[in-house]
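Working notes, beginning with the structure itself.
The values are calculated or read from the model by the stated rules, or taken from the named source; none is laboratory data. No experiment lies behind these values; they were computed from the predicted model shown. With ideal geometry, Cβ positions are generated from the backbone for all residues, glycine too; neighbour counts draw on all protein chains shown.
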Ligand SMILES: NC(=O)c1ccc[n+]([C@@H]2O[C@H](COP(=O)([O-])OP(=O)(O)OC[C@H]3O[C@@H](n4cnc5c(N)ncnc54)[C@H](OP(=O)(O)O)[C@@H]3O)[C@@H](O)[C@H]2O)c1
């Protein structure tokens with residue numbers, strides 16, 4: 001299937017024109033990875049679920065294929081260890097907890113070189129029942145990842161999009177994915193990917209250093225959801 005008009009595709013491989021992408025989910029066996037994988041597969045992209053354990057990745061890919069409700073889309077899911085997923089994909093999503101982020105990146109840095117990499121990681125801790133943001137020395141996990149793998153084209157996004165909603169595509173989230181990057185074409189690519197997901201609007205949220213506000217807003221959002229016993233998300237009005 002050929003799609004993807006506009007500048008986003010230029011960011012990937014201008015010579016190949018409009019087309020679907022091979023997308024790797026690093027740590028894709030968790031809730032966030034599964035949810036993004038489901039949405040991206042429904043949009044027509046090929047998905048490779050990554051894990052520290054190849055068997056777990058293959059099993060997750062099989063489960064997602066079983067639940068997606070369409071034979072055509074089921075074929076879009078495969079699984080591999082994180083290094084192989086990073087090597088195979090054109091766009092990588094990093095969906096591991098902050099505690100594992102640097103070790104995973106160190107193990108796949110060569111495979112990520114030159115690729116658009118979407119960092120969803122929000123560094124959080126729970127103190128006395130409250131969720132708090134942890135401020136990394138660089139200001140954000142996104143900038144820390146950029147420092148660790150500077151050859152990748154880093155984009156921070158999807159922090160405030162709850163996995164629960166992504167995993168239930170029919171539920172029409174009606175939310176925004178706020179997208180930060182210093183790489184204009186990579187940012188456009190990820191805004192486009194977000195726009196392809198059901199009920200999600202991609203919003204340009206500026207430079208990668210703005211990721212610190214996104215990561216912090218995640219803690220706030222979780223605390224609000226706890227107070228209201230809800231699954232709210234964030235939408236910017238007036239734009
Ligand atoms: N859950 C949400 O609603 C949500 C929303 C927005 C953003 N996020 C962000 O997305 C990321 C993933 O969230 P999640 O809820 O999916 O987390 P998770 O289930 O705790 O972890 C995701 C996967 O990461 C791998 N992993 C766990 N610990 C690791 C470590 N120490 N080193 C390397 N890999 C490790 C595991 O895969 P394997 O064991 O198979 O390798 C696990 O299945 C987090 O950084 C979170 O802040 C989450």
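Side notes on the structure shown:
- Test: residue in the range 48-57 that is over 21 Å from residue 108 (Cβ atoms) and in a helix (DSSP H, G or I): no
- Of all residues in the range 79-122 being more than 17 Å from the chain's Cα centre (by Cα) and in a strand (DSSP E or B), the one that is farthest from the ligand (Cβ to nearest atom): 80
- Flag if residue 25 is within 16 Å of the ligand (Cβ to nearest atom), modelled with pLDDT of 50 or more, buried (at least 22 other Cβ atoms within 10 Å of the Cβ) and assigned to a helix (DSSP H, G or I): no
- Of the criteria (1) in contact (Cβ under 8 Å) with a residue 12 or more places away in the chain; (2) in contact with a helix residue (DSSP H, G or I) (Cβ under 7 Å, 6 or more places away or on another chain); (3) surrounded by fewer than 20 Cβ atoms within 10 Å (Cβ to Cβ), which one residue 39 fails: (3)
- For residue 170, the test of being within 11 Å of the ligand (Cβ to nearest atom) and out of contact with any helix residue (DSSP H, G or I) (no Cβ under 9 Å at 6 or more places or on another chain) is failed.
- The set of residues in the range 123-132 that are in a strand (DSSP E or B), in contact with a helix residue (DSSP H, G or I) (Cβ under 8 Å, 6 or more places away or on another chain) and at pLDDT 95 or above comprises 124, 131, 132.
- Count - residues of the range 66-117 that are at pLDDT 95 or above, touching a strand residue (DSSP E or B) at 6+ places or on another chain (Cβ under 6 Å) and farther than 15 Å from residue 149 by Cα: 10
- Condition check for residue 61: farther than 22 Å from residue 157 by Cβ, within 15 Å of the ligand (Cβ to nearest atom), at pLDDT 95 or above and crowded, with 23+ Cβ neighbours inside 10 Å: yes
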